[in-house]
Amino acid sequence: MLDILYRDDHLIAIHKPSGLLVHRTGLDAHEERFAVQLLRDQIGRHVHPAHRLDKGTSGVLLFALDRDTAARTGALFENQQVSKRYLAVVRGHPPAADIINHPLVRRFDPAERRTARADTLPQSAITRYRCLATAELPYQVDRYPSSRYALVELQPETGRRHQLRRHLKHISHPIIGDATFGKGRHNRLFQTLFGSDRLLLACTGLSFHHPVNDALIQIDCPLSPDFTHVVAALGWHLRADGLSATGDS
């Protein structure tokens, strides 16, 4: 059963686990379980995804319950009228806070690539972040005798595909568990130490005005147990009013 975070007559939001696709795609043709299908079977009616989360990303996933609401909600995301909040574990110790303003060339699925323009120009992409906690482990992965990691809060102002993963790679603080844009040696260390083989990225909140009645909607999502396990193992402690960390800087 999928955990339902919010529901009304027009919208429903779930806590998508890491490893679950939103819908069928040629990138994972062997997969047989999808959030759209599971939620449809669970509530007994059709649902329409309002946005994307990568397969490895967990957290808030919003659906519309009818096509008209789906179009209106999609427009909110397209017009950057949805505030999104993510948490990620990254390599290194980034600055306390910063804005990543780095245009990204659009990435296409295989089916889209057949009709995509070869001369697609980079699109504006902006991500705000702040460093919440840091840790240093006594293991040599690169050329240094120890390895540094950080917990960061991310607020994308645009919605490019794989934006957060690509932006964090751009500033040399890739997300742990990212097999495409990350560092395999650090990913393997987390597998060995913590048994974590997932992308350590989670959507923890969405805020927007309801597309039908204009009410302000805030949907929050706790970290899943597999993510919380890593956070605790690194000495970081979640609090209702924010985050604190043992030995953070």
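The values are calculated or read from the model by the stated rules, or taken from the named source; none is laboratory data. The shown structure was predicted, so the numbers you read here are calculated from the model rather than taken from an experiment. Here Cβ is always computed from backbone atoms with ideal geometry, including for glycine, and neighbour counts include all displayed protein chains.
Odds and ends about this structure:
- Residue under evaluation residue 213, criteria (1) touching a residue at least 12 places away in the same chain (Cβ under 8 Å); (2) assigned to a loop (DSSP other than H, G, I, E, B); (3) over 19 Å from the mean Cα position of the chain (by Cα), criterion not met: (1)
- Residue check, residue 76 touching a residue at least 12 places away in the same chain (Cβ under 8 Å) and farther than 30 Å from residue 143 by Cα: yes
One line per residue, one yes/no per condition, for (1) within 27 Å of residue 147 (Cα to Cα); (2) of a type in the set (Gly, Ala, Ser):
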residue: 178; (1), (2): yes, no
residue: 185; (1), (2): yes, no
residue: 197; (1), (2): yes, no
residue: 202; (1), (2): yes, yes
residue: 206; (1), (2): no, no
residue: 217; (1), (2): no, no
residue: 220; (1), (2): no, no
residue: 231; (1), (2): yes, no
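- Pick from the range 53-67, criterion aliphatic (A, V, I, L, M) and closer than 10 Å to residue 13 by Cβ, ranking: farthest from the chain's Cα centre (by Cα): 62
- Scan the range 121-164 for residues that are among the basic types (Lys, Arg), touching a residue at least 12 places away in the same chain (Cβ under 8 Å) and either out of contact with any strand residue (DSSP E or B) (no Cβ under 6 Å at 6 or more places or on another chain) or in a strand (DSSP E or B) (or both) and the total you get is 4.
- Within the range 100-114, considering residues that are assigned to a helix (DSSP H, G or I) and touching a helix residue (DSSP H, G or I) at 6+ places or on another chain (Cβ under 7 Å), the one modelled with the lowest pLDDT: 111
- From 38, 21, 11, residue being touching a Ser or Thr at 6+ places or on another chain (Cβ under 9 Å) and not aromatic (Phe, Trp, Tyr): 11
Residue-by-condition table, conditions (1) assigned to a helix (DSSP H, G or I); (2) under 20 Å from residue 156 (Cβ atoms); (3) at pLDDT 95 or above:
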| residue | (1), (2), (3) |
| --- | --- |
| 56 | no, yes, yes |
| 59 | no, yes, yes |
| 62 | no, yes, yes |
| 70 | yes, no, yes |
| 75 | yes, yes, yes |
| 81 | no, yes, yes |
| 86 | no, yes, yes |
| 89 | no, yes, yes |
| 95 | no, yes, yes |
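- Residue 52 under 25 Å from residue 173 (Cα atoms), surrounded by fewer than 16 Cβ atoms within 10 Å (Cβ to Cβ) and of a type in the set (Lys, Arg): yes
- Search result, residues across the range 175-192 that are over 14 Å from residue 54 (Cβ atoms) and in contact (Cβ under 8 Å) with a residue 12 or more places away in the chain: 176, 183, 185, 186, 189, 190
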